[in-house]
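Here's the structure we're looking at; comments come further down.
The values are calculated or read from the model by the stated rules, or taken from the named source; none is laboratory data. Computed from a predicted model, the values in this text were never measured in an experiment. All accessible areas refer to the heavy atoms of the entire protein, side chains included, with ligands and DNA or RNA removed. Shrake-Rupley method; radii C 1.70, N 1.55, O 1.52, S 1.80 Å.
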Amino acid sequence: MSFFKRQPEYLDRQSSAAKAKSELLEKFRAKQESEEDFAKRQAVLLEIRLAREEREAKRKAEAEAAQLAELERLAKLKAEEEATAAALAAEQKARRDERYASRKKRKKGLRYARPTGPGGSVEADAAE
């Protein structure tokens, strides 16, 4: 194997690979930015991030405000429905009581005479 290491093609390939590596290293070193450039780039990135966070906070606050407004609207609507239901229930109760009183009056007037207290009459009971 040592025979191959002494061949001109092998030595040419080895030297060209070393040269390519050194060129890449030089290119990388030339491309590195200075401390000032790095600081400037970081400052720009920080400003972008702060602006993004501010927009997100604003959107979140708007969403919370909209949610609170929706909850208030639903609570108001529910209170109105409850008031309407209570008024309807009161009206139904009044009608039911009226029907009951009417039925009671009719039954009282249609019943046969029952014994009443002294001096009482059936006509007086029916008039009440």
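Residues in region 18-68 that are open to solvent by less than 100 Å² (accessible area, probe 1.4 Å) and outside any helix (DSSP H, G or I) were compared, and the one that is modelled with the lowest pLDDT is 33.
From the list 84, 116, the lone residue that is among the polar types (S, T, N, Q) and at pLDDT 95 or above is 84. Screening residue 110 against (1) at pLDDT below 95; (2) open to solvent by less than 70 Å² (accessible area, probe 1.4 Å); (3) not basic (Lys, Arg) leaves a single unmet condition, (2).
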